[in-house]
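Encoded as structure tokens, the structure appears first; notes follow it.
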Amino acid sequence: MLRLRGPSLRRAIALLVIILASFVFMARLVDVQVVSAAALNDEAKDKRAVPVAIPSVRGDIVDRNGEVLATTDERYDVQLSPKNTKLNKGVFYRADTERGVGTVEVTAQQAFAEIGEITGQKANEIQKIVDDALADNPKSDFAYVKRSIDLTQLNQLKALEIPWLTFESQHKRTYPNGAVGGNIVGFAGADDVPQAGIELSQNECLTGVDGTETYERSEDGVPLPGSVVVTRKVQDGGTVELTIDRDLQWEAQQAINKQVQSVAAEWGLLVIQNVKTGELVAVAEDGSVDPNDVDASDPTKREARSFTAPYEPGSTFKSITASALIDQGVATPLSQNLTPDYLEPEEGVRFGDAFPHPEIPWTLAGILTQSSNVGTSMLGNQLSEDVRYDYLRKFGIGEETHAGMPVEDSGLLYAPKDWDRQTSYNTMFGQGLSSTIVQTAGVYQTIANGGVRIPPSLVKDCVSSDGEKQTMKHGKSQKAIKKSTADDVMAILETVTTEGWFADRLAIPGYRIAGKTGTAEQVNPDTGLYRTDYVHSFAGIFPADDPQFVAVASVAFPSAGDGSLASLQAFRDAAEATIRTFHIPPSTGDFTPLPTEY
Amino acid sequence: MSATVPIDTHSAAARAGAHLGAAPLPTGRPGERHLRPVATPAGKAHPKRSPLAIAMVGVAIILMIFAVQLGLSIAISQGAYESRALEIRQRDLSRVERVLSQNVDKLASPQNLAENAAALGMVQNSRPATLRLSDGAVLGALDSETTEASGNLIPNATLESMPVVDAQGLLVPRVAGQAAAVQPDKIDPPVRWTGKLPAPDTH
């Protein structure tokens, strides 16, 4: 047997101890690294790792030229730790800025006064916030001093170097152009929840995805190098591009506001649409909401009424009847009709013209120039109700557009079987049915565009934060009437503007304009009967030789002046502004008006 | 002849030599071992290494590694502080940039431009004339009609804190509510005689 003695024995024991210790360490290592690794990691993370939410920024809404209509502002909440204000007997020290060296002693009361001076609060108000929080919970570590301060105030507060004062940034929607396009852009309510307009309809595009990341923090709050782990990448919201032109929108709103005020009307609308693309470049309404200050606006005027408030269009729809007659080959612009001023075509159905006149030998062009209800119905009655209804539908009446607004009214257009006899005649001159002003603009866009209706659009596209562009669909273009019909109707409408009583009021030197007035009765929803005052409209196309834009102005229920003139003036202001904005060259060629009588 | 076997002394000696193995070779002086240390080559003195020195060198290397590692991690954490300071600076500057660009947006709003233009008495060329390049023709009248810049009727709450120019071109605080559209008092419309027609009366 091997017998160990002396140094050999000691060496062997030492080796054995080392081997045993190694096994113990090895076992522990495996335990820590493998067996209970996950649990330990979690435990450690909770102690050191700090999860941080990275809020995404809501996207901008911009006009056709990239001018910002809605953007996101950063505001700051001021918070304090009530229990820490009492630390060290309510005294803290900060660098002495006057001497440049050393520190000065500041009491909590002094600090409250300094904070209040910046936030506009009184020292005792802040003291009360602290006292209330501590009364509620003696260990309270959090209370708001003031929410939503701006950057200047934030920097002033930071300069106070108060250890128990902290700040948190938050996002707030702001609209640098105020009420310009406010009706379209919409607004957000509390906590930036979208409530109306594009903010609501394009919410999906505008909303981003919040990111999260964690980092391990050292004792003094600095992230440990290499410990930042992005658990979800932040993705900001996309940018919504509108077809609106900001400056033209302002001019249009100015124009309609001015006219509504000058005749003390109840409301006014003014829409400008591109003939070739269907894009709405201005959708103006009187008294539009300023999304920065929603409460200051009239609650009845906060919606985009151009899309949600249909009304009976009146004589502007005689163009549809004329289009149907010519397109069906039943009439030409020169079709003759001996027109009286009053008609009872059948039992219980009667209507008259707006002014008394003897029987006059008008052509179709003359009937529209004089806006004769009798003449329009006498000719239009040659078409069946179904045919006339089909044409109304082809022009987009009775169907909501897909321009991009969250809510829209389709207007009221009953099927022919539901028309009573009076309605059957009334629909020929734009009564007994209703349309939004955007739908009416669409009718004139169709005529101006050679008979092809391009659906009106308001939202061009959504550009995501990584640059991906998604174009919005608004529907397919459709041929409503033949090109030759459209040309004939254009000639009639230009005759209307050159031969009508208002020609001088409308004229823009150098530019040829085609258009039609409308003075429509409206049903009073309270009584169910027609009101005694009117909605005055003018729908026009310019330049008539090469149609580029359509504008429709409506001024409703004036109580101190001539609404027809007001709507003409609003149209003319809009047309002039559009010509300046888009640098439309003057018209070429002369127009010879069609004969109005035979 | 004796009974004993004569011994071949040579072979016996050889056997004995093989057995004992210690039989000195006949070369050299008797009693001298044939192995001896090799003489150290001249001029190449072997250093005298004590185990202590080796241990110290090893410890020194380890300490040096520690020192370098410490230095590196100090440098990294210094970098972390610097990068954090720079991140904060970048955040602060981007906040300033945001505020400034939003101020530009506000000042570029049509309301602000119109109010300032109106205050300065500017006029607008409402019907610009156009020069056609193809034939050099001037379209429209050269003595174009001008209109006064009309006062702004569209509210914008973001402009409240922004100054505006007066007629002398000096910056003055904006009059609160300047843009607030004032509706004229409603005048009750005269009651019309409606006649016998319930039908629309449109033209």
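Some observations on this one:
Conditions tested, residue by residue: (1) hydrophobic (A, V, I, L, M, F, W, C); (2) within 42 Å of the chain's Cα centre (by Cα).
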{"site": "B:112", "(1), (2)": "no, yes"}
{"site": "B:117", "(1), (2)": "yes, no"}
{"site": "B:126", "(1), (2)": "no, no"}
{"site": "B:139", "(1), (2)": "yes, no"}
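- Only listed residue being over 21 Å from residue A:295 (Cβ atoms) and touching a residue at least 60 places away in the same chain (Cβ under 8 Å), chosen from A:204, A:216: A:216
- Test: residue in the range A:120-137 that is surrounded by 14 or more Cβ atoms within 10 Å (Cβ to Cβ), touching a residue at least 60 places away in the same chain (Cβ under 8 Å) and small (Gly, Ala, Ser): no
- Elements of type helices (runs of 4 or more DSSP H) in the range A:192-298, at least 3 residues being of a type outside the set (Val, Ile, Thr), surrounded by fewer than 24 Cβ atoms within 10 Å (Cβ to Cβ) and at the interface with chain B (Cβ under 9 Å from one of its Cβ atoms): A:246-262
- Complete set of residues in the range A:110-134 that are within 17 Å of residue A:148 (Cβ to Cβ), in a helix (DSSP H, G or I) and not polar (S, T, N, Q): A:115, A:116, A:118, A:125, A:126, A:129
- The condition of being facing chain B (nearest Cβ under 10 Å) and not in a helix (DSSP H, G or I) holds for only one of A:533, A:545, that being A:533.
- Enumeration of residues in the range A:548-564 that are away from chain B (no Cβ under 14 Å) and more than 26 Å from the chain's Cα centre (by Cα): none
- Selection within the range A:146-176 - within 29 Å of residue B:106 (Cβ to Cβ), in contact with a helix residue (DSSP H, G or I) (Cβ under 6 Å, 6 or more places away or on another chain) and more than 13 Å from every other protein chain (Cβ to nearest Cβ): A:146, A:156, A:157, A:160
- Odd one out for residue B:166 among (1) in contact with a Pro (Cβ under 6 Å, 6 or more places away or on another chain); (2) among the charged types (D, E, K, R); (3) more than 12 Å from every other protein chain (Cβ to nearest Cβ): (1)
- Test: residue in the range A:489-505 that is within 16 Å of residue A:563 (Cβ to Cβ) and more than 14 Å from chain B (Cβ to nearest Cβ): yes
- Whichever residue in the range A:526-542 is in contact with an Asp or Glu (Cβ under 7 Å, 6 or more places away or on another chain) and among the hydroxyl-bearing types (Ser, Thr, Tyr) and, among such residues, is surrounded by the fewest Cβ atoms within 10 Å (Cβ to Cβ): A:530
- Whether a residue is at the interface with another protein chain (Cβ under 9 Å from one of its Cβ atoms), more than 17 Å from residue A:511 (Cα to Cα), surrounded by 12 or more Cβ atoms within 10 Å (Cβ to Cβ) and among the polar types (S, T, N, Q) was assessed, and residue B:150 passes this test.
- Taking the criterion of being out of contact with any Asp or Glu (no Cβ under 6 Å at 6 or more places or on another chain), within 12 Å of chain B (Cβ to nearest Cβ) and small (Gly, Ala, Ser), the only residue of the range A:565-598 that qualifies is A:575.
- Pick from the range A:315-346, criterion among the acidic types (Asp, Glu) and in contact (Cβ under 8 Å) with a residue 12 or more places away in the chain, ranking: nearest to residue A:499 (Cα to Cα): A:341
- Highlighted here are the strands (runs of 3 or more DSSP E) found entirely within the range A:1-105 that include at least 1 residues which are within 30 Å of residue A:171 (Cα to Cα) and either out of contact with any Pro (no Cβ under 6 Å at 6 or more places or on another chain) or touching a residue at least 24 places away in the same chain (Cβ under 8 Å) (or both): A:49-54, A:68-80.
Read-outs: derived from the displayed coordinates by stated rules, not from any lab. Note that the coordinates shown come from a computational prediction; the quantities given were computed from them, not determined experimentally. When we count neighbours, we look across all protein chains shown, and the Cβ atoms used for this are built from the backbone with ideal geometry, even at glycine.
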